[in-house]
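Input: a single structure, listed below in structure tokens.
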Amino acid sequence: MRRTFLALAAAVSTAFAGLSTPAHAEGERFVLVSHAPDSDSWWNTIKNAITLAGQQMNVTVEYRNPPTGDLADMGRIIEQAAASNPNGIISTIADYDVLSGPLSNAVAKGIPVITINSGTEEQSKEIGALLHVGQPEKAAGHGAGEKAKAAGVTKFVCVNHYITNPASVERCQGYAEALGVELGSQMIDSGLDPAEVKSKVLAYLQSNPDTNGILTLGPNSAIPTIAALQENGKAGTIHFATFDLSPEISAAIKDGTIAFAIDQQPFLQGYLPVVILTNLARYGVVPGNSINSGPGFITKDNIELVEKLAGEYR
């Protein structure tokens, strides 16, 4: 009787195997292409996110980027990624004019594309991407500007370390609009070299001593600006806000040098596209709308909750 029961159970299990087990093949491969140069440590959070998502979903996720941040090189990397026929491509839109062609070609080839971080939802739709996961940059800048205005800021400098990226300019524009001023010479092209960023910030503050607000757009501009304020003795006396997090930014929030950080939650920008593309490949489902990963605001009041994860998952 036991043998009969086991035989019956095996038969039932075999008959319903197709119903109890989803019809999919694990081991899909995706490629994430960013615009960041090798020197940009901010992207470590996104690298950690795709690694974790890859492990959890049992997929391979390759991270590729132009070593120096050259966008023409990034376009070629996207083309190479598409030629390798992955199950999906995740990419920033650091410059629509340069990257829309390679990304649109990938879509035309039948490769699902999700855009992240830089670019807008509208640009993502024009390319033919499934959706965009990122932060509405001008709105985030406006939110920062509202807080700065409430704190009494009237004249500011926006330290832009990646001025060729339209999203970075939108951050400065939103900040200026919230203050009720037109963006002009207050936005400085600082470049990425820390010594050069620090020198340009010091020079601007010396030439514009009535500046009472600073906005930086990430660790690449925030960390040298912290050093500049420490050098000229103005740390804690000028309202200072920044985008994104790092251990140095967390420390500056705690000691009062930085009033707040705008957190776009980059972990979500890496993690969610991998999960979404995996579910699309296996089950044919995808969210119907783009996803705002930020902004959130980090101050002294909540920094303890996130600083231990800064640069790793936050």
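The values are calculated or read from the model by the stated rules, or taken from the named source; none is laboratory data. All values reported here derive from a predicted model rather than from experimental measurement. Cβ atoms come from the backbone with ideal geometry, glycine included; neighbour counts cover every protein chain shown. Heads up: the accessible areas ignore ligands, DNA and RNA and are worked out on the full protein's heavy atoms, side chains in. Shrake-Rupley method; radii C 1.70, N 1.55, O 1.52, S 1.80 Å.
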request  = Hey, can you tell me all the residues within segment 222-250 that are among the small types (Gly, Ala, Ser), out of contact with any Pro (no Cβ under 9 Å at 6 or more places or on another chain) and either modelled with pLDDT of 95 or more or open to solvent by 50 Å² or more (accessible area, probe 1.4 Å) (or both)?
outcome  = 222, 228, 233, 235, 236, 241
query = Which residue, of 167, 178, is touching an Asp or Glu at 6+ places or on another chain (Cβ under 7 Å), surrounded by fewer than 22 Cβ atoms within 10 Å (Cβ to Cβ) and not in a loop (DSSP other than H, G, I, E, B)?
reply = 178
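Every residue, every condition in (1) touching a Cys at 6+ places or on another chain (Cβ under 8 Å); (2) in the same structural domain as residue 155 (by the TED database); (3) in a loop (DSSP other than H, G, I, E, B), yes or no:
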position	(1), (2), (3)
206	no, yes, no
220	no, yes, no
272	no, no, no
286	no, no, yes
task = Report, ordered by the first and then the second residue, all pairs with beta carbons closer than 9 Å, sequence separation of six or more or different chains, a first member in segment 199-212 that is in contact (Cβ under 8 Å) with a residue 60 or more places away in the chain, and a second member that is part of a loop (DSSP other than H, G, I, E, B) and not aliphatic (A, V, I, L, M).
result = 212/152; 212/154; 212/155; 212/237
ask   = Tell me, which residue of segment 158-185 that is under 24 Å from the mean Cα position of the chain (by Cα) and polar (S, T, N, Q) is farthest from residue 141 (Cα to Cα)?
value = 164
key: Subset tally (residues that are open to solvent by less than 40 Å² (accessible area, probe 1.4 Å), of a type outside the set (Ser, Thr, Tyr) and at negative phi) for segment 104-119   = 6
Which numbered condition residue 305 misses (of (1) outside any loop (DSSP other than H, G, I, E, B); (2) over 19 Å from residue 139 (Cβ atoms); (3) open to solvent by less than 50 Å² (accessible area, probe 1.4 Å)) = (3)
key: Options 104, 100; residue that is farther than 15 Å from residue 34 by Cα and either charged (D, E, K, R) or free of Cβ contacts under 8 Å to residues at least 40 places away in the same chain (or both)   = 104
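So, of the residues in segment 92-103 that are assigned to a loop (DSSP other than H, G, I, E, B) and open to solvent by less than 10 Å² (accessible area, probe 1.4 Å), which turns out to be nearest to residue 275 (Cα to Cα)?
Initially, segment 92-103 is screened for residues assigned to a loop (DSSP other than H, G, I, E, B), giving 93-95.
After this cut, where a residue has to be open to solvent by less than 10 Å² (accessible area, probe 1.4 Å) as well, the list is 93-94.
Values: 93: 20, 94: 23 Å.
The extreme case among them is 93.
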request  = Report the residue count in segment 139-164 for those that are in a helix (DSSP H, G or I) and either under 14 Å from residue 211 (Cα atoms) or of a type outside the set (D, E, K, R) (or both).
outcome  = 10
ask   = within 30 Å of residue 229 (Cβ to Cβ), small (Gly, Ala, Ser) and crowded, with 21+ Cβ neighbours inside 10 Å - does that describe any residue in segment 67-74?
value = no
task = Output the residues belonging to segment 277-300 that are touching a residue at least 12 places away in the same chain (Cβ under 8 Å) and either among the basic types (Lys, Arg) or open to solvent by 50 Å² or more (accessible area, probe 1.4 Å) (or both).
result = 281, 282, 283, 286, 287, 289, 292, 295, 297, 300
message = Looking at segment 78-91, can you tell me whether even one residue there is among the β-branched types (Val, Ile, Thr), touching a Ser or Thr at 6+ places or on another chain (Cβ under 8 Å) and open to solvent by less than 50 Å² (accessible area, probe 1.4 Å)?
response = yes
query = Just checking, which of 166, 194 is in contact with a Pro (Cβ under 7 Å, 6 or more places away or on another chain), of a type outside the set (Val, Ile, Thr) and over 19 Å from residue 255 (Cβ atoms)?
reply = 194
